[in-house]
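Have a look at the structure below before the remarks.
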Amino acid sequence: PMTMATPDEFNNYFANVADNIISSLPDVQTDPVATMMDPIPGLRLIKWKEVSTIEVLSMVRGFKDSRSQDVHGLSTFILKSVINEIVGPLTLTVNACLRNGIFPEILKTSRTVPVFKKGDPMLPSNFRPISLVPIFSKVFETIMKTQLMEYFEQNKLLLDAQHGFRRGRSTTTAMLSLVDRITEAFEDRDSVLLGLCDLSKAFDVVSHEILSAKLRKYGIGGTVLSSVCNYLSNRKQLVSLMGASSNTKSILHGVPQGSVLGPFLFTIMINDLHMNDQTLLFADDTTLMSRGSDITQLRLEASYLLEEAKDWFNCNRLKINEEKTQTLLCTLKTGVPFQEA
């Protein structure tokens, strides 16, 4: 639908949403990293492994064909059509940057396209920002993500409850795990109360300071840490709309939407949200599970669990969207009053 909002109005709105959420968070004195378990002694990732031209070639060939243009007018379609000619210097550049803990500034500006959700098309709040990171950024990010994931998976540092952005895990494995737990409860004549938490703009409000402190806690240091911090800092975005573009705006928080590395960094951010095997995660979708035979008791336990989760999110500068957070009672009992769920 047509909108009267200009690209700059959209850009201001998208850039300010995170600031507004962060400023609405209550002051918390607790250090979010203090409650994390200490890393395994001697566990460190301080240097990136060099990549070969063959690895870069096969990685780029595996990118999805797309003609969507980034801020430089490039697309994966263009990159794939010239990769044979440029793979040598590209590999040298990537290795040199990562060896020095640098992420190129030119690759830190995203092009954002507003996509209409519903409601009044005159309001920027009724549009979803779809971000396109620079194509060459995807090359750097894929290498960084692959090596970080390998380190976290091999050293079993990731929560078993997390099903998002992991090899061999998906929404299907998350659903199966949930169905298993409910079935198990039903076999024991128990009921399950689920707290389905919704976070407000979860990816956009991530604190770089807390995330880098958590990475250090997991043994990430040296040029690996400086590359990731460099990747997150000084980011910018512009909005494209009907052939016109806005000015660029600085983005001070969050992990980049539409990026390769961003979702995995978010996974690390919430990796210490473990509540005695009562959580199930898929990226920022958090399900809290309470189980028992007495539904009144179950409701009390579920509300305590939700408060505990809220405290954890506040402490980590993330915000639960209470309007969209729901509870769901799974029971074989009949005659349970509706409001009791």
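Things to note:
- Only one entry in Phe77, Phe63 is in a loop (DSSP other than H, G, I, E, B) and over 29 Å from Lys217 (Cα atoms), namely Phe63.
- Count - residues of segment 271-307 that are buried (at least 22 other Cβ atoms within 10 Å of the Cβ) and free of Cβ contacts under 8 Å to residues at least 60 places away in the same chain: 0
- Against the test of being within 25 Å of Lys156 (Cβ to Cβ) and in contact with a strand residue (DSSP E or B) (Cβ under 7 Å, 6 or more places away or on another chain), the options Ser177, Ser212, Ser245 yield a single qualifying residue, Ser177.
- Under the condition of being under 18 Å from His274 (Cα atoms) and in contact with a helix residue (DSSP H, G or I) (Cβ under 8 Å, 6 or more places away or on another chain), the residues counted in segment 166-187 number 1.
- Number of residues in segment 195-216 that are in contact with a Ser or Thr (Cβ under 9 Å, 6 or more places away or on another chain), buried (at least 20 other Cβ atoms within 10 Å of the Cβ) and of a type in the set (A, V, I, L, M): the value is 1.
- Residue within segment 265-276 that is modelled with pLDDT under 90, touching a Pro at 6+ places or on another chain (Cβ under 7 Å) and at positive phi present: no
- Of note, Ile106 satisfies the criterion of being part of a helix (DSSP H, G or I) and hydrophobic (A, V, I, L, M, F, W, C).
- Enumeration of residues in segment 237-256 that are of a type outside the set (A, V, I, L, M, F, W, C) and either within 18 Å of His72 (Cα to Cα) or touching a Cys at 6+ places or on another chain (Cβ under 6 Å) (or both): Gln237, Ser240, Gly243, Ser245, Ser246, Asn247, Thr248, Lys249, Ser250, Pro256
- Taking the criterion of being charged (D, E, K, R) and over 23 Å from Val228 (Cα atoms), the residues of segment 46-86 that qualify are Arg61, Lys64, Asp65, Arg67, Lys80, Glu85.
- Taking the numbered list (1) under 18 Å from Ser212 (Cα atoms); (2) touching a Lys or Arg at 6+ places or on another chain (Cβ under 9 Å); (3) not aromatic (Phe, Trp, Tyr) in turn, Gln237 passes all entries but (1).
- For Phe116, the requirement of being in contact with a strand residue (DSSP E or B) (Cβ under 6 Å, 6 or more places away or on another chain), buried (at least 17 other Cβ atoms within 10 Å of the Cβ), within 24 Å of Pro256 (Cβ to Cβ) and not aliphatic (A, V, I, L, M) is not met.
- Within segment 311-333, the residues that satisfy the criterion of being crowded, with 17+ Cβ neighbours inside 10 Å and closer than 22 Å to Val205 by Cα are Trp312, Phe313, Asn314, Cys315, Asn316, Arg317, Leu318, Lys319, Ile320, Thr325.
- Check on Gly243, at positive phi, out of contact with any helix residue (DSSP H, G or I) (no Cβ under 6 Å at 6 or more places or on another chain) and without any contact (Cβ under 8 Å) to a residue 12 or more places away in the chain: yes
- Residue list for segment 210-269, restricted to those being part of a loop (DSSP other than H, G, I, E, B), within 18 Å of the chain's Cα centre (by Cα) and small (Gly, Ala, Ser): Ser233, Gly254, Gly258, Ser259
- Complete set of residues in segment 21-54 that are modelled with pLDDT under 90, under 30 Å from Arg111 (Cα atoms) and exposed (fewer than 13 other Cβ atoms within 10 Å of the Cβ): Ser23, Ser24
The values are calculated or read from the model by the stated rules, or taken from the named source; none is laboratory data. Here the structure is a predicted model, which is why all the values come from computation and not from measurement. Neighbour counts are summed over all protein chains in view; Cβ atoms, including those assigned to glycine, are modelled from backbone coordinates with ideal geometry.
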